[in-house]
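Notes to accompany the following structure.
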Amino acid sequence: MTAAAVPADIVPPHPAWRSLLWIAPPTVLWTLLIYWQPAISDSGVPTATARLMTYGLIGLGLWLALESTDLTAGQRRTTWMAVMIPYTLWFAVAWSAAINGAFRTDASPLPVLPLAIFLPVIIGAPLLLLSKRVGQVLDAMPASWLVALQLYRVFGSWALAASLRGALPGVFALPAGIGDVLTGLFAVPAAIAAATGTAQGRRAAIAWNIFGLADFAVAITLGLITSPGRFQLIVPDVSSIGAGAYPGVLTPAFVVPSSILLHALSLRQLRRRRRTEALGR
């Protein structure tokens, strides 16, 4: 079962861009607030709130998409648990490890943080991209959901605020923070474009996904070469994110790999929609 596309004349391009008018000002105000009151960000409360909201939306979105498929009730429950149980365990382990300092550079001789970034992607990407059941869910799910969900990337502004305070090196924080904020800001316009179901809308969503992945490629590279360890090439005046301090370390340890997987799923979904449309001609 495939989710019906919204006719292009119902979702014109102008509302997509106008959405920035109500996303950008709160983002700027939030950045100024956490710059002015760093204790807010350092407390971990914003991080916890954003992660829990995202976790809940993923679980709810998956269930709603499963209800739109032709799967039986038992198959829907099994599929939902097959995704959410590993995701919950991963979430809990990453959060506990961050709070207990497991990602600090002096905590283990192993490159724990790089492993936390790459292992979930190496393991999860093939499972999610090759599963026929996941393909059924993607066909039933509106293409806008996986795109709009990453609105949470605007919270990457914490890196910009930390850089302005001198708590993170600018060589890492500025490119990574700006890329994250732009990805989050344009998530809603890209989602609105994807909702039209047109080829132009899909291209816009694909371009957004590629930009979001490129942002991570830059951020991961800069994080590795500015953080203590075997990959360090630049020694900044202040500790980089790879030093492993909570709550900032949750971004590379959990947010980055989970967001990469969301991008991969969105690209798979958009590719399936394009192939379905080509076969229908």
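The values are calculated or read from the model by the stated rules, or taken from the named source; none is laboratory data. Note that this is a predicted model, so its numbers are computed, not measured. Don't worry about glycine lacking a Cβ; one is built from the backbone with ideal geometry, like all the others, and counts go over all protein chains shown. Surface accessibility is based on the protein's heavy atoms, side chains included, excluding ligands, DNA and RNA. Shrake-Rupley method; radii C 1.70, N 1.55, O 1.52, S 1.80 Å.
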Picking from 145, 158, the residue that is open to solvent by 40 Å² or more (accessible area, probe 1.4 Å), assigned to a helix (DSSP H, G or I), modelled with pLDDT under 95 and touching a helix residue (DSSP H, G or I) at 6+ places or on another chain (Cβ under 7 Å) would be 158
Condition broken by residue 53, with the remaining ones in (1) surrounded by 17 or more Cβ atoms within 10 Å (Cβ to Cβ); (2) within 21 Å of residue 83 (Cα to Cα) satisfied:
(1)
Filtering segment 96-127 down to residues that are of a type in the set (Ser, Thr, Tyr), modelled with pLDDT under 90 and exposed (fewer than 14 other Cβ atoms within 10 Å of the Cβ) yields 108
Checking the conditions here, which among 164, 149 is closer than 19 Å to residue 19 by Cβ and of a type outside the set (Phe, Trp, Tyr)?
149
For the subset of segment 205-215 comprising residues that are in contact (Cβ under 8 Å) with a residue 40 or more places away in the chain and open to solvent by less than 40 Å² (accessible area, probe 1.4 Å), which member is nearest to the chain's Cα centre (by Cα)?
212
How about segment 133-168: which of its residues are more than 30 Å from residue 71 (Cα to Cα) and among the aromatic types (Phe, Trp, Tyr)?
152, 155, 158
Restricting segment 83-95 to residues that are free of Cβ contacts under 8 Å to residues at least 12 places away in the same chain and over 24 Å from residue 45 (Cβ atoms), the residue that is most open to solvent (accessible area, probe 1.4 Å)
85
Number of the exception - residue 232 against (1) polar (S, T, N, Q); (2) surrounded by fewer than 19 Cβ atoms within 10 Å (Cβ to Cβ); (3) under 22 Å from residue 51 (Cα atoms)
(3)
